[in-house]
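Since the structure comes first, as structure tokens, the remarks are kept for the end.
Nothing in this text is a laboratory measurement; each read-out follows from the coordinates by a stated rule. Note that the coordinates shown come from a computational prediction; the quantities given were computed from them, not determined experimentally. So basically every Cβ, Gly included, is an ideal-geometry build from the backbone, and we count neighbours across all protein chains shown.
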Amino acid sequence: MADRILHIIIPCYNPPAGWDLRLIDQGTELMRRLSEVSLRFTVVEDGSAYAIDEARKRAVTTALGEVEWLAHSVNRGKGAALRTGASGCTDGPCLFTDVDVPYTVDSMVDACRALLAGANVVLGQRKSTYYERVPWARRVISKSFRWVLRHIVRLPITDTQCGLKGFDQRGREVFLSTTIDRFLFDMEFVMLVSRRKDLGVETIDAQLDEGIRFSRMNYRILLGESVNFLKVLLRGYPK
């Protein structure tokens, strides 16, 4: 067995049909491509309307070998779920992505190799081709948000919401200091990282895999996140 450990954290809330098969397929390929390390998967059930049945858990665990199943009794949000998953990962770097594993294995391998090479934080960045494949409303919201981050907040990295990120133990400390539970936890993390000049940050090209379908956006949650946006700004950002 490989000496080095790398954790893959998967937040899980009302997962789409077939998520388990896709996680098995993508996770197995990732293990094959990164055979020099021991990949350990953590799935955090975040108060879904229905619990994951034990048969699916057994199938995923049998295929991927090292799987820890954690759960919130009520839905708390993706940020909260990821902090729960990351809190126990004290023996190696962490990568997180969404339960439908929407990014290519190449993208995940690039992120993992950057972490293994010594990056403290790795941030996936979505290029213009990404937006050609997303619904119109999601595209408008994402691009508008990036404009605000670039021209108003003046963050050096504007694609804060990409769902592929990683960190080593130093980056993990920053991630666990985030306070936002839902949509904007990513922005809070990137903002805090941007203030830390002692951290090595790398970006990788995050490409969508074929056949990924987007769920409908919950506009009530987006409206509620406007309060969290102000909270993040009050924590300060680099000049």
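A compact table of results
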quantity: Sites matching GluC sites (Glu not before Pro) across region 48-86 that sit in DSSP coil, with at most 15 neighbouring C-beta atoms within 10 Å; calculated: Glu66
quantity: Cleavage-rule hits, trypsin sites (Lys or Arg not before Pro), region 52-129, DSSP coil, Cβ neighbours within 10 Å at most 12; calculated: Lys127
quantity: Estimated distance in nm for a label pair at Glu66 and Gln169, the labels positioned 7 Å out from Cα along Cα-to-Cβ; calculated: 1.5
quantity: Fully extended contour minus Cα-Cα distance, from Asn14 to Glu54, at 0.36 nm per residue; calculated: 12.8 nm
quantity: Low-density loop positions, chymotrypsin sites (Phe, Trp or Tyr not before Pro), region 32-97 - DSSP coil, at most 15 other Cβ in 10 Å; calculated: Tyr50
quantity: Whole-Hz ³J(HN,Hα) from phi, Karplus 6.51 cos²θ - 1.76 cosθ + 1.60, for region 45-60, glycine and proline x; calculated: 6, 10, x, 5, 5, 9, 6, 5, 6, 5, 5, 5, 4, 4, 5, 5
